[in-house]
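The values are calculated or read from the model by the stated rules, or taken from the named source; none is laboratory data. Predicted model only: the values in this text are computed from it and were never measured. Here Cβ is always computed from backbone atoms with ideal geometry, including for glycine, and neighbour counts include all displayed protein chains.
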Amino acid sequence: MQFGANQKLKFNAQIGSYSIVTEREHYDSQITATDSEAELLINFFGRESIPIGNVKSNKLQALKEFKLYPDGEKVKLNLVFPKPDKTAELRLYISSKASFKPKGNSVWFMFERDNALWIGSMAETEWRDENVIIVYDETEGAYQDSLLERDEIKINKLKARDIFSRDRNLALERIQIEKYQCEYNPSHSLFKSRYTHLPYLEAHHLIPMALQKVTPQKLDTLENIFSLCPYCHRAIHHADKDLTRDIIERLVHKRPEILNIMDIKAAEIFSFYSVEDIY
Ligand SMILES: [Zn+2]
Ligand SMILES: [Zn+2]
């Protein structure tokens, strides 16, 4: 699978790819690289420089240099086209001796940074933890609180520097448009704010504001802000895969135009929350 915006941000990479290592691949000490992985390898090393067939008859040519994530130590691994027609499939040999032998069912990945091809692996849970977009920062609570402010009530814990520079007025506008209801399910019950005497709702940016660093398109927009009850807001950030996906799907279905902001598919939004299928 190709890196999404969140992985590019996390690894500071222009391009990258990741997938699951099968038990079989681990056992056989060889990984089959297809699709975006094959493309990455071919583009980086050059189709001509990658030999066809087995390693033995092309010892020097088959050996390719990678940088091992995270420390950047140089590792050399054998890479060949198993088929003579050099079709999109490549075979990468993994070995403990060469310092790269990912476990079965772990995630292995490659990415390009500073003209080097990095390679690495980690357990799937670790991968998901590492790749979830930083959604809360120290100003998150203050941002939500700021939505409760009125002229006569200054809660104003919002620091001068909201690192995501979100405009509270946009959030308020969204909540008003939604008639003070939860966008996941308008029947969700809400308590009233003691400050506004209106139903309490939170504002959530479905495409996380943290991605503003990697996209020129504005993410603090009316379309991207969703009015959620506190239960759903916590759930989209912290619930298990099925519920988080269900919330994302329903919100995207409600405002599909948000996919145009970064020209992405709903599945890529799953990866921002680390609930995507990895294959
Ligand atoms: Zn949120
Ligand atoms: Zn709700």
Report summary line: Scanning region 44-62 residue by residue, those modelled with pLDDT under 95 and within 15 Å of Trp118 (Cα to Cα) turn out to be none
Report task. Considering only region 260-278, state which residues are surrounded by fewer than 18 Cβ atoms within 10 Å (Cβ to Cβ) and assigned to a helix (DSSP H, G or I). Result -> Asn260, Ile261, Ala266, Ala267
Query raised in the report: Which pairs do you get when a residue that is in contact (Cβ under 8 Å) with a residue 40 or more places away in the chain, found in region 91-116, comes within reach of a residue that is among the charged types (D, E, K, R), reach meaning Cβ atoms under 6 angstrom, with the pair 6+ apart or on two chains?
Result: Ile94/Lys101; Ser95/Lys101; Gly104/Glu23; Val107/Glu124; Ala116/Lys67
Query raised in the report: Pick from Arg234, Arg194: which is within 15 Å of ligand 1 (Cβ to nearest atom) and among the basic types (Lys, Arg)?
Result: Arg234
Query raised in the report: Has region 130-153 got any residue that is hydrophobic (A, V, I, L, M, F, W, C), within 14 Å of ligand 1 (Cβ to nearest atom), modelled with pLDDT of 90 or more and more than 20 Å from Asp246 (Cα to Cα)?
Result: no
Query raised in the report: Do we have any residue at all in region 57-77 that's within 28 Å of the chain's Cα centre (by Cα) and small (Gly, Ala, Ser)?
Result: yes
Query raised in the report: Hey, Tyr180 hits all of (1) on the phi < 0 side of the Ramachandran plot; (2) part of a loop (DSSP other than H, G, I, E, B); (3) crowded, with 16+ Cβ neighbours inside 10 Å; (4) at pLDDT 95 or above but one; which does it fall short on?
Result: (1)
Report task. Read through the list (1) more than 19 Å from Arg168 (Cβ to Cβ); (2) surrounded by fewer than 20 Cβ atoms within 10 Å (Cβ to Cβ), then give the number of the only condition that Gln212 fails. Result -> (1)
Requested in this report: Confirm whether Glu89 is touching a helix residue (DSSP H, G or I) at 6+ places or on another chain (Cβ under 8 Å) and at pLDDT 95 or above.
Outcome: no
Requested in this report: Taking Ala98 as meeting all but one of (1) modelled with pLDDT under 95; (2) not assigned by TED's automatic domain parsing to the domain that holds Ser19, write down the number of the exception.
Outcome: (2)
Query raised in the report: Is it fair to say His204 is of a type outside the set (D, E, K, R), without any contact (Cβ under 8 Å) to a residue 12 or more places away in the chain and within 15 Å of ligand 1 (Cβ to nearest atom)?
Result: no
Requested in this report: Identify, from the list Arg174, Arg168, the residue that is touching a helix residue (DSSP H, G or I) at 6+ places or on another chain (Cβ under 6 Å) and in contact (Cβ under 8 Å) with a residue 24 or more places away in the chain.
Outcome: Arg168
Report task. Answer with yes or no whether Leu190 is modelled with pLDDT under 95 and either crowded, with 17+ Cβ neighbours inside 10 Å or within 16 Å of ligand 2 (Cβ to nearest atom) (or both). Result -> no
Query raised in the report: Within region 224-259, which residues are away from ligand 2 (no atom under 14 Å from the Cβ), crowded, with 18+ Cβ neighbours inside 10 Å and not in a helix (DSSP H, G or I)?
Result: Asn224, Ile225
